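Chemist: Here's a structure for you.
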Amino acid sequence: MRKYQLSLLILAVLAAVSLGLAQPGQEGKDGSASTGTHAAHLAVTPDQLKWGPAPPSLPPGAQMAVLEGDPSTAGAPFAIRAKLPDGYRVPPHWHPTNERIIVLQGTFGMGLGERFDPAAGRELPVGSYVVAPKGVRHFVWAKGETVIQVSGMGPFEINYVNPAEDPRKASKK
(Lines give C-alpha, C1' and ligand atoms only; values in the text may rest on other atoms or scores of the structure.)
Protein backbone atom coordinates (compact mmCIF):
# COMPACT_ATOMS: atom_id res chain seq x y z
CA MET A 1 0.00 0.00 0.00
CA ARG A 2 2.86 2.36 0.85
CA LYS A 3 4.47 1.89 -2.62
CA TYR A 4 1.11 2.65 -4.24
CA GLN A 5 0.75 5.91 -2.25
CA LEU A 6 4.33 6.92 -3.07
CA SER A 7 3.71 6.26 -6.78
CA LEU A 8 0.55 8.40 -6.70
CA LEU A 9 2.42 11.19 -4.94
CA ILE A 10 5.22 11.14 -7.54
CA LEU A 11 2.68 11.17 -10.39
CA ALA A 12 0.83 14.09 -8.79
CA VAL A 13 4.05 16.10 -8.44
CA LEU A 14 5.08 15.35 -12.05
CA ALA A 15 1.62 16.34 -13.31
CA ALA A 16 1.75 19.61 -11.36
CA VAL A 17 5.20 20.43 -12.72
CA SER A 18 4.14 19.56 -16.27
CA LEU A 19 1.05 21.76 -16.03
CA GLY A 20 3.14 24.62 -14.68
CA LEU A 21 5.58 24.36 -17.58
CA ALA A 22 2.81 24.04 -20.15
CA GLN A 23 1.11 27.34 -19.27
CA PRO A 24 0.85 29.45 -22.42
CA GLY A 25 2.89 32.62 -22.46
CA GLN A 26 1.65 36.09 -23.15
CA GLU A 27 2.64 37.97 -26.23
CA GLY A 28 4.67 41.09 -25.81
CA LYS A 29 3.94 44.35 -27.63
CA ASP A 30 6.19 43.21 -30.49
CA GLY A 31 4.29 39.91 -30.86
CA SER A 32 7.08 37.83 -29.35
CA ALA A 33 6.24 35.11 -26.88
CA SER A 34 6.98 35.74 -23.25
CA THR A 35 6.54 33.12 -20.59
CA GLY A 36 7.88 34.96 -17.58
CA THR A 37 10.65 32.85 -16.10
CA HIS A 38 10.58 30.25 -18.91
CA ALA A 39 12.30 30.65 -22.27
CA ALA A 40 9.97 31.52 -25.13
CA HIS A 41 9.02 28.82 -27.59
CA LEU A 42 10.02 29.66 -31.16
CA ALA A 43 8.73 28.01 -34.32
CA VAL A 44 9.53 29.44 -37.75
CA THR A 45 8.07 28.07 -40.96
CA PRO A 46 9.78 28.60 -44.33
CA ASP A 47 7.11 31.05 -45.51
CA GLN A 48 7.86 33.29 -42.50
CA LEU A 49 11.51 33.82 -43.45
CA LYS A 50 12.37 37.38 -44.39
CA TRP A 51 15.18 37.04 -46.91
CA GLY A 52 17.40 40.00 -47.65
CA PRO A 53 20.88 40.67 -48.96
CA ALA A 54 23.69 39.15 -46.92
CA PRO A 55 25.81 41.65 -44.97
CA PRO A 56 28.62 43.45 -46.80
CA SER A 57 31.17 41.18 -45.11
CA LEU A 58 30.12 38.46 -47.58
CA PRO A 59 30.61 38.58 -51.34
CA PRO A 60 27.54 39.95 -53.18
CA GLY A 61 24.86 37.53 -54.34
CA ALA A 62 24.01 35.69 -51.13
CA GLN A 63 20.76 36.19 -49.25
CA MET A 64 20.23 35.84 -45.52
CA ALA A 65 17.35 35.40 -43.09
CA VAL A 66 17.62 35.62 -39.31
CA LEU A 67 15.82 32.79 -37.51
CA GLU A 68 16.72 33.65 -33.94
CA GLY A 69 18.65 36.25 -32.01
CA ASP A 70 20.91 38.98 -33.31
CA PRO A 71 24.10 37.72 -34.96
CA SER A 72 25.88 40.98 -34.12
CA THR A 73 25.32 40.75 -30.35
CA ALA A 74 28.33 39.47 -28.41
CA GLY A 75 27.64 36.43 -26.25
CA ALA A 76 24.09 35.93 -27.55
CA PRO A 77 22.96 32.79 -29.42
CA PHE A 78 21.79 33.21 -33.01
CA ALA A 79 20.59 31.12 -35.95
CA ILE A 80 20.54 32.33 -39.55
CA ARG A 81 19.91 30.86 -42.97
CA ALA A 82 21.99 31.75 -45.99
CA LYS A 83 20.97 31.16 -49.58
CA LEU A 84 24.00 30.91 -51.88
CA PRO A 85 23.68 30.99 -55.67
CA ASP A 86 25.35 28.34 -57.82
CA GLY A 87 29.08 28.99 -58.04
CA TYR A 88 29.15 31.29 -54.99
CA ARG A 89 32.51 31.45 -53.23
CA VAL A 90 33.77 32.90 -49.96
CA PRO A 91 37.56 33.33 -49.89
CA PRO A 92 39.65 31.99 -47.00
CA HIS A 93 38.51 33.52 -43.73
CA TRP A 94 38.01 32.84 -40.04
CA HIS A 95 35.53 33.69 -37.29
CA PRO A 96 36.14 34.82 -33.69
CA THR A 97 33.51 32.31 -32.44
CA ASN A 98 32.58 28.73 -33.32
CA GLU A 99 30.35 28.35 -36.37
CA ARG A 100 27.86 25.48 -36.75
CA ILE A 101 26.46 24.76 -40.20
CA ILE A 102 23.73 22.43 -41.46
CA VAL A 103 23.30 21.95 -45.23
CA LEU A 104 19.60 22.19 -46.09
CA GLN A 105 19.70 22.37 -49.89
CA GLY A 106 22.29 22.00 -52.65
CA THR A 107 25.92 21.10 -52.15
CA PHE A 108 28.09 23.08 -49.76
CA GLY A 109 31.80 22.93 -50.38
CA MET A 110 34.28 23.63 -47.61
CA GLY A 111 38.03 23.44 -47.30
CA LEU A 112 40.60 24.31 -44.69
CA GLY A 113 43.57 26.57 -45.17
CA GLU A 114 44.65 30.01 -46.22
CA ARG A 115 44.42 29.37 -49.98
CA PHE A 116 41.23 28.72 -51.94
CA ASP A 117 41.66 25.21 -53.32
CA PRO A 118 38.42 23.22 -53.81
CA ALA A 119 40.50 20.13 -54.64
CA ALA A 120 41.74 20.21 -51.04
CA GLY A 121 38.19 20.66 -49.70
CA ARG A 122 35.10 18.53 -49.46
CA GLU A 123 31.62 18.76 -50.99
CA LEU A 124 28.94 18.26 -48.35
CA PRO A 125 25.43 17.10 -49.38
CA VAL A 126 22.07 17.92 -47.82
CA GLY A 127 21.94 16.83 -44.19
CA SER A 128 25.64 17.44 -43.53
CA TYR A 129 26.73 19.14 -40.31
CA VAL A 130 29.92 21.15 -39.84
CA VAL A 131 31.54 22.76 -36.82
CA ALA A 132 34.18 25.34 -37.71
CA PRO A 133 36.03 26.20 -34.50
CA LYS A 134 36.91 29.83 -33.87
CA GLY A 135 40.06 30.95 -35.61
CA VAL A 136 40.22 28.06 -38.10
CA ARG A 137 40.98 29.32 -41.59
CA HIS A 138 38.51 27.96 -44.14
CA PHE A 139 36.84 28.74 -47.46
CA VAL A 140 33.49 27.77 -48.94
CA TRP A 141 31.66 27.40 -52.24
CA ALA A 142 28.20 26.42 -53.47
CA LYS A 143 27.27 23.89 -56.12
CA GLY A 144 23.71 24.54 -57.26
CA GLU A 145 21.54 26.92 -55.25
CA THR A 146 22.58 26.05 -51.70
CA VAL A 147 20.85 26.85 -48.42
CA ILE A 148 22.70 26.49 -45.13
CA GLN A 149 21.73 27.15 -41.55
CA VAL A 150 24.40 28.74 -39.39
CA SER A 151 24.21 28.99 -35.63
CA GLY A 152 26.52 30.00 -32.86
CA MET A 153 27.17 32.70 -30.30
CA GLY A 154 27.54 36.27 -31.47
CA PRO A 155 29.11 38.21 -32.74
CA PHE A 156 29.08 36.59 -36.17
CA GLU A 157 32.08 38.20 -37.84
CA ILE A 158 34.17 37.29 -40.87
CA ASN A 159 37.88 38.07 -41.00
CA TYR A 160 39.54 37.45 -44.37
CA VAL A 161 42.99 35.90 -44.51
CA ASN A 162 43.88 38.18 -47.42
CA PRO A 163 42.49 41.66 -46.67
CA ALA A 164 42.38 42.40 -50.42
CA GLU A 165 39.63 39.74 -50.75
CA ASP A 166 37.39 41.41 -48.17
CA PRO A 167 34.25 42.57 -50.04
CA ARG A 168 33.89 45.52 -47.64
CA LYS A 169 37.14 46.92 -49.00
CA ALA A 170 36.14 46.27 -52.63
CA SER A 171 32.86 48.16 -52.15
CA LYS A 172 34.77 51.27 -51.03
CA LYS A 173 36.72 51.49 -54.29
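The values are calculated or read from the model by the stated rules, or taken from the named source; none is laboratory data. Owing to the predicted nature of the structure, the values given are computational and were not obtained by experimental measurement. Because the Cβ atoms are built from the backbone with ideal geometry, glycine has one as well, and the counts that use them run over all protein chains shown. In case anyone asks, the SASA skips ligands and DNA or RNA and just uses the protein heavy atoms, side chains included. Shrake-Rupley method; radii C 1.70, N 1.55, O 1.52, S 1.80 Å.
Chemist: Using r as the Cβ-Cβ distance of residue 70 and residue 169, and R0 as 22 Å, what FRET efficiency do you calculate, to the nearest 0.05?
Modeler: 0.35
Chemist: Can you list residues whose amide H is under 5 Å from residue 99's amide H, if they're 5+ apart or on another chain and H is modeled 1.01 Å from N?
Modeler: Residues meeting the criterion, in which the H sits 1.01 Å from N, are 132, 134.
Chemist: Now a separate question. How large is ³J(HN,Hα), in whole Hz, for each residue of the stretch 141-147 in order, when computed from phi with the Karplus curve 6.51 cos²θ - 1.76 cosθ + 1.60 and θ = phi - 60°, using x for Gly and Pro?
Modeler: 8, 10, 10, x, 4, 10, 10
Chemist: In nm, to one decimal, how far is the modelled label at residue 157 from the one at residue 57, with both set 7 Å along Cα→Cβ?
Modeler: Rounded to a tenth, the inter-label distance reads 0.7 nm.
Chemist: Measure off 7 Å from each Cα along the Cα-to-Cβ vector at residue 145 and residue 89, then give the distance between these two points in nanometres to one decimal.
Modeler: Label at residue 145, label at residue 89, 2.3 nm between them.
Chemist: Quote the charge dipole size of the stretch 88-173 about the Cα centre in Debye, to the nearest 20; the model charges only the Cβ of Lys and Arg (+1) and of Asp and Glu (-1).
Modeler: So the dipole magnitude of the stretch 88-173 works out to roughly 200 debye.
Chemist: Give the accessible area for residue 83 in Å² (nearest 10); use a 1.4 Å probe, count only protein heavy atoms, and leave out ligands, DNA and RNA.
Modeler: Using a 1.4 Å probe on the heavy atoms, I get roughly 50 Å².
Chemist: For the stretch 121-173, just run the numbers: alpha carbon Rg, then divide by 2.2 N^0.38 Å, N being how many residues it has.
Modeler: Ratio of Cα Rg to 2.2 N^0.38 Å: 1.35.
Chemist: Can you work out the Karplus-derived ³J(HN,Hα) for every residue in the stretch 120-130? Use 6.51 cos²θ - 1.76 cosθ + 1.60 with θ = phi - 60°, whole Hz, and x for glycine or proline.
Modeler: Per residue, the Karplus-derived 3J(HN,Hα) values read 8, x, 9, 8, 10, x, 3, x, 6, 10, 10 Hz.
Chemist: Given H placed on each backbone N at 1.01 Å, which residues far from residue 73 in sequence or on other chains put an amide H within less than 5 Å of it?
Modeler: Correct list: 156.
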